[in-house]
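Comments concern the structure below.
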Amino acid sequence: MHQPRFLALAFQATEPDNSMLIIIIAVLVILFFIVAIVVIGLTIFFISRKRKKAQVQSAFAVGTAPDPSAYAAIPTPEPAPAEAAFEVPNYAEPVPAEPESDNMPVPSSPDVAAPPAVEELEFDPTRTVAIVREQEAVTIDYGSIKFTSGVLSGERFPVDPEGVYIGRESTLSQIVVSDPRISKRHLWIGVREGQVKIVDQDSRNGTFVNDPKSERITEATLNSGDTVIMGESDVARFEYNT
């Protein structure tokens, strides 16, 4: 008895919803029209742009001759009337000379101020101006010294042409070697007669060149590569190089 009602409910559950189908179809149609309108608009835009570009190129094409009808409206100017010829007098024709007369009065010349006389200057050798050129300062490089041992090992100092003192006391020496075996003012190094020289300052432990077993020096000329040894116990060494 309940079987027909059950079949009716099952049939209604399987029957599609017509209203939803209509909405989907309407949305698809609207989207189709929108896409079609956009495509048509873009096509029209690109076609018009291409036509304008072609017109501009044709307007500025090189070698195109202007239309002859454009010159038809320009009036032709009338030639100007010929001017009357102007006769130039011939000044090359000789002018007849008037007969000279001994009694003719000589015209008086107007008073013209004579130019002032130029005053002659006598040569005075004592007034000769000497031209003095500015002397350019030429800096000569006399090399440098580099300590190879002692407290200043690795330090380099340029050779001052006026000379500097090397010693233990900073108030007496410009290059200070802080070692009690070095005298307060041990030696002087500088330039004399164009040569780099060292002069021992009566140091207690002496100064030697190249060999600590050699005799003490009082004054010596340095050549590039010479080694100066301060103190008999080889307290400090420096090498001179140009």
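The values are calculated or read from the model by the stated rules, or taken from the named source; none is laboratory data. Owing to the predicted nature of the structure, the values given are computational and were not obtained by experimental measurement. Reconstructed Cβ throughout: ideal geometry from the backbone, glycine too, with neighbour counts over all protein chains shown. Accessible surface is based on the protein model in full, side chains and every heavy atom, while ligands, DNA and RNA are left aside. Shrake-Rupley method; radii C 1.70, N 1.55, O 1.52, S 1.80 Å.
Averaging over all projection directions, the Cα-based convex hull of the stretch 137-177 occupies 3.4 nm² in the image plane.
In percent, rounded to a whole number, the relative contact order of the stretch 131-242 is 24, using alpha-carbon pairs under 8 Å and six or more apart. Ligands, DNA and RNA excluded, the heavy atoms of K53 present near 130 Å² of accessible surface to a 1.4 Å solvent probe.
Considering only the other residues whose Cβ falls under 15 Å of the Cβ of S153, what net charge follows from Lys and Arg at +1 and Asp and Glu at -1?
-1
Accessible area of T242 (1.4 Å probe, protein heavy atoms only, ligands and nucleic acids ignored): about 120 Å². In this structure L172 has an accessible area near 70 Å², from a 1.4 Å probe over the protein heavy atoms. Taking all protein chains together and a 1.4 Å probe, the residues S214, S178 rank S178, S214 from largest to smallest accessible area.
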